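A.B. asks: Got a structure here, written out as structure tokens. Questions coming.
The values are calculated or read from the model by the stated rules, or taken from the named source; none is laboratory data. All of these numbers come straight from a predicted model, not from anything done at the bench. Using ideal geometry, Cβ is built from the backbone for each residue, glycine included, and neighbour counts are taken over all protein chains shown. Please note that ligands, DNA and RNA were not included when accessible areas were found on the heavy atoms of the full protein model with its side chains. Shrake-Rupley method; radii C 1.70, N 1.55, O 1.52, S 1.80 Å.
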Amino acid sequence: MIGTLSAREELELVTLQYPPYEYKDGDTVKGIAVDIVKEAFRRIHQPIRIEIHPWARAIKKIKMGDADAIFTAFKTPERELFADYSNEVLINQVISLYTLKKHPIKFDGNLTALARYRFGVVRKVSYGDTFDRALKDDVIKFIMISNSGESNFQMLLIGRVDIVVSNQHGAKYILTELGSQNKVKELNPPLQSTPSYIAFSKKRKLTNIRDQLDKALKDMKEDGAYQAIINRYQM
């Protein structure tokens, strides 16, 4: 039922398979962002459950009011129309470009120079202002869209795309899982460092809980709990 929820009612949070930030291991949802979110909600005594979906479906659930909150979401004007973002940053993500080591692609920070290459991206994922603007302005013309970062790197390895856009920690995790660290290189410089947030569906009218969560996140950063979670993942 859409409306204001009491603090005792369980909230449904949605996210995507996006290791090491959030991912499903058997029946358990794990990850850096998951642990941060769980601790923040624990502090405000708010029960939650976390569901993994393809990102486009997760975004739609927030837009339609079929779920309560989403993470780890970059802030965009389009999303702010239907989502109430936290003021506190959940995770800062450094976004980079990746290609095969054997490929002679070079990057000097100018995406226009890469216009002829095929890029692998995840459906409905924002990669920050720099890359999103290049897509909107048709600077980047050739894209292959998948539902996960894993699929993108698999397409890179078999030659279906030339470049994958990814956050650094996610790329490191996925390439380790695929056993392909020695086949792929990160292009320098990185595109940008972009903050990601937890955002609540406006249709669920949860700004009060959003504000409580902001305070919990701020407290976690001040008392060391936030950094301790990140340190556990050795990032």
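A.B. asks: Step through the table entries LYS101/LYS136; LYS101/LYS172; LYS24/LYS136, compare each Cα-Cα distance with 21 Å, and write down the pairs that go over it.
C.D. replies: LYS101/LYS136; LYS24/LYS136
A.B. asks: For ILE44, what accessible area in Å² do you get when you roll a 1.4 Å probe over the heavy atoms of the protein chains, rounding to the nearest 10?
C.D. replies: Rounded to the nearest 10, that gives 20 Å².
A.B. asks: With each label point set 7 Å from Cα along the Cα-Cβ vector, what nm distance links TYR233 and MET64?
C.D. replies: 2.9
A.B. asks: Tell me, what is the per residue accessible area of the chain in Å², probe radius 1.4 Å?
C.D. replies: Counting only protein heavy atoms, the per-residue value for the chain is 49 Å².
A.B. asks: Once you charge only the Cβ atoms, +1 for Lys and Arg and -1 for Asp and Glu, what is the size of the charge dipole of segment 117-235 about its Cα centre, to the nearest 20 debye?
C.D. replies: 440
A.B. asks: List residues of segment 128-163, by number, whose backbone nitrogen lies under 20 Å from a label position 7 Å along Cα→C-beta of LYS183.
C.D. replies: So the set is 144-163.
A.B. asks: Can you work out ³J(HN,Hα) from phi for every residue in segment 117-124, in order, using Karplus 6.51 cos²θ - 1.76 cosθ + 1.60 and θ = phi - 60°, giving whole Hz and x for Gly and Pro?
C.D. replies: 8, 8, 9, x, 9, 8, 3, 6
A.B. asks: Right, another one. Could you name the aspartates and glutamates whose alpha carbon sits less than 20 Å from that of LYS185, not counting residues in the same chain fewer than 8 places away?
C.D. replies: ASP108, GLU150, ASP162, GLU177
A.B. asks: Can you give me the distance in nm between label points at GLU80 and GLU222, each placed 7 Å from the Cα along the Cα-to-Cβ direction?
C.D. replies: Distance between label points: 2.6 nm.
A.B. asks: Where the accessible area of the chain is counted over protein heavy atoms with a 1.4 Å probe, how much of it, in %, is carbon and sulfur?
C.D. replies: Answer for the chain is 48 percent, counting heavy atoms of protein chains only.
A.B. asks: Can you tell which of GLN154, PHE200, TYR98 lies farthest toward the positive end of the dipole of segment 89-235, using +1 and -1 charges on the Cβ of basic and acidic side chains (Lys, Arg; Asp, Glu)?
C.D. replies: So the residue we want is GLN154.
A.B. asks: While we're on this one: Treating cross-link reach as a plain straight distance, find the aspartates and glutamates whose alpha-carbon is under 14 Å from the alpha-carbon of LYS218, omitting any fewer than eight places away in the same chain.
C.D. replies: GLU39, GLU88
A.B. asks: Taking the Cβ-Cβ separation of ILE158 and ARG116 as r and a Förster radius of 22 Å, what is the calculated FRET efficiency to the nearest 0.05?
C.D. replies: 0.65
A.B. asks: Further question on the same structure: In whole Hz, with x marking every Gly and Pro, tabulate ³J(HN,Hα) for segment 95-110 from phi via Karplus 6.51 cos²θ - 1.76 cosθ + 1.60, θ = phi - 60°.
C.D. replies: Listing the rounded values in order: 9, 9, 10, 10, 9, 5, 4, 6, 7, x, 4, 10, 9, 10, x, 9 Hz.
A.B. asks: Is it possible to state the helix-based mean residue ellipticity at 222 nm for the chain, with each DSSP H run of 4+ residues giving -39500 (n - 2.57), the sum divided by total residues, to the nearest 500 deg cm²/dmol? What is it?
C.D. replies: -10000 deg cm²/dmol
A.B. asks: Additional query: Quick check for me: using +1 on Lys/Arg Cβ and -1 on Asp/Glu Cβ, what's the dipole size of the chain about its Cα centre, in debye to the nearest 20?
C.D. replies: Using Cβ point charges on Lys, Arg, Asp and Glu, the chain gives about 600 debye.
A.B. asks: Cut-off under 25 Å on the C-alpha distance; same-chain residues fewer than 8 positions from LYS203 excluded. Which lysines are left, in chain and number order?
C.D. replies: LYS38, LYS60, LYS61, LYS63, LYS75, LYS124, LYS215
A.B. asks: Net charge within 15 Å of ARG133 by Cβ-Cβ distance, Lys/Arg positive one each and Asp/Glu negative one each, not counting ARG133 itself?
C.D. replies: It works out to a net charge of -2.
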